[in-house]
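Report on one structure; see the data block that follows.
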Amino acid sequence: MTATRGSVRNALPLVPFFVFLVIFLIIPTLTVINGSVSTNGTYNLDKIRALGDSAALGALGKSVLLSAVTAVIGAVLGAVLSWLIVSSAPTSVFRRVVTSICSVLAQFGGVALAFAFIATIGYSGVLTNWFRTSSGIDLYGTGWLYSVTGLMLVYTYFQIPLMVIVFLPALEGLRVQWREAAVSLGATSRQYWTQVAGPLLAPAFLGATLLLFANSFAAYATAAALVSQGNPILPLMIRTAMTSEVVLGQAGFAYALAFEMIIVVAIIMVGYGLLVRRTSRWLR
Amino acid sequence: MSAATTGPSGWKRALLLVPFAIFFFLPLYAMADFSTRTPTGQGRTLQGWRNLVADDTLYSAILISLGLAVLTVALMLLLLVPTMIWVRLRAPWATRIIEFLCLLPLTIPALVIVVGMRDVYLWVTWIFGDSALTLAFVYTVLVLPYAYRAIDGSLSSIDVKTLSEAARSLGAGWGTTIMRVVVPNIWSGILSAAFISIAVVLGEYTIASLAGYQNLQVVIVAIGKADGMTAVAASLATLLFGFVLLLVLSVVTGRRPDSPTAPEPATEGSTP
């Protein structure tokens, strides 16, 4: 009796937090899920079925392609950069500066990033102008910056620093003793990397790649600022569905598209969680 | 530790770093160049930068975004700090669920939240009026993962239980214990949580634009359709502000700010 009263009193100060999250996170999420399987209170699978339309499938496919390409490029180049970082002394100014810059750049998404690339390789961008006057090469071309190809380049800008932030701790966690043990048993540098460090780092690398995939898959602002019309990728299709659903006569299709996004990101994040658990077995 | 992974040294490393440096700094340089061009191509002008305060729409959007940043930080601290301290002291059973809820916005992108928040916001605008400042509620959710990690980090580094038992046995109430004993000891965590939240809110576009509110980023995009120079200047200004905030933070706290392990929502701020 007293125990129950005590735990109720202990739980009471947590109520505002739970209520807030229910209102502003849980209810919107449930609204999306509910809205994607019902229309005006009656349940049906019309909107889920509409996800199979060629336009919706095409957007999903391009989103997956964009995310996969930028995740792999970001992961590989980010791993190279991390490797360059750990080769400096842990306390060096270089390492602190580079890691600080990376943590800032990984946050640097959104509208500003779109404008940064417009200023660089847009129609009258700095690099475009430079190439035009110095060698006559037309960097702008047919406006590829504003297509999925352009998004690949732009997304790489925040994917590489994110990879550094996520992957660096694993690389730093490799112990000197492991290398010494390998070397004292006669391993070459190549053998150490392929048979000791490689297998140890593989889950961390794959996990980070999945995180990068999710990061790019759900990114909206940069794409929205760059691509002002058309909906080549899923987030932009959600924009169109939200802003013009009356015209399309597909009330609530945005719900189904958002639901699709939840599913994809959730699958990726579960995979990420499993791989992180595996890495944390030896890290620290 | 790093000796475990002998990398290249000296000039070799420098050489390999050059392409990265060009890739990351060229767009920043280009923004500075682009935002100070004159229409004729002769000389330089600061008109784009002057428009930050001279252009009424832009200036009021800047004020809105700053107001949102303040409100979001206040709401986030009010919600998170007492809850997290209380969980450590009296409700350890709730640790996992609080952590799960705080990190959940990493899995539920801002784009999904804005699609589903219409019903909730009908109530919000009915109670608080139809102001862009009401976005502070949903922005608080967006910044939770980053804020949680920052505060959790510094709470872990002190012995909350002993501190508060000492305070309580000397006659302090819960309010005094939290405000005057625990909070001063987790100051660096609170500061990082606040700074990261400000950076996220100032860069937020996704929710504001799709919910139909005019914050800084929404206005920048609108201006960019006609006046690239001003839009680039404003983008670079927010960016530099964010750089300064986060760099100051990493110097002050002497460690890397907590990694955003997620969609920017990112961050995209949120969102890329």
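The values are calculated or read from the model by the stated rules, or taken from the named source; none is laboratory data. Since the model is a prediction, treat every value here as computed from it, not as a measurement. Please note: Cβ atoms are built from the backbone with ideal geometry, for glycine as well, and neighbour counts cover all protein chains shown. Accessible surface areas use protein heavy atoms only, side chains included; no ligands, DNA or RNA. Shrake-Rupley method; radii C 1.70, N 1.55, O 1.52, S 1.80 Å.
Of all residues in the stretch B:71-113, those that are more than 8 Å from chain A (Cβ to nearest Cβ), crowded, with 16+ Cβ neighbours inside 10 Å and of a type in the set (A, V, I, L, M) total 10. Counting only helices (runs of 4 or more DSSP H) that fall entirely inside the stretch A:64-167 and contain at least 3 residues that are within 9 Å of chain B (Cβ to nearest Cβ) and either farther than 19 Å from B:P27 by Cβ or in contact (Cβ under 8 Å) with a residue 60 or more places away in the chain (or both), the qualifying elements are A:93-107, A:110-121. Out of the residues in the stretch B:227-272 that are outside any helix (DSSP H, G or I) and among the polar types (S, T, N, Q), which is modelled with the highest pLDDT? If we take residues in the stretch B:227-272 being outside any helix (DSSP H, G or I) and among the polar types (S, T, N, Q), then B:S259 is modelled with the highest pLDDT.
Number of residues in the stretch A:1-26 that are open to solvent by 70 Å² or more (accessible area, probe 1.4 Å) and either modelled with pLDDT under 85 or within 9 Å of another protein chain (Cβ to nearest Cβ) (or both) equals 8. If the condition is being open to solvent by 40 Å² or more (accessible area, probe 1.4 Å) and not hydrophobic (A, V, I, L, M, F, W, C), then the stretch A:148-162 contributes only A:T149. For A:G173, the conditions (1) touching an Asp or Glu at 6+ places or on another chain (Cβ under 8 Å); (2) surrounded by fewer than 19 Cβ atoms within 10 Å (Cβ to Cβ) all hold with the exception of (1).
Screening B:G7 on (1) modelled with pLDDT under 90; (2) outside any loop (DSSP other than H, G, I, E, B); (3) buried (at least 17 other Cβ atoms within 10 Å of the Cβ) shows it passes everything except condition (2). Residues that are charged (D, E, K, R) and assigned to a helix (DSSP H, G or I) within the stretch A:50-63 comprise just one, A:K62. Does A:L200 fit the bill of being under 19 Å from the mean Cα position of the chain (by Cα), among the hydrophobic types (A, V, I, L, M, F, W, C) and in a helix (DSSP H, G or I)? Answer is no for this residue.
Being crowded, with 18+ Cβ neighbours inside 10 Å, at the interface with another protein chain (Cβ under 7 Å from one of its Cβ atoms), at pLDDT 95 or above and closer than 28 Å to A:V265 by Cα: is that true of B:V138 here? Yes; evaluated as a whole, the condition is true for this residue. What do you reckon, is A:L66 open to solvent by 20 Å² or more (accessible area, probe 1.4 Å), more than 30 Å from B:G10 (Cβ to Cβ) and under 21 Å from the mean Cα position of the chain (by Cα)? So A:L66 does not fit the description; no.
Is the stretch A:239-246 home to any residue that is of a type in the set (K, R), part of a helix (DSSP H, G or I) and farther than 23 Å from A:T149 by Cα? No, that holds for no residue.
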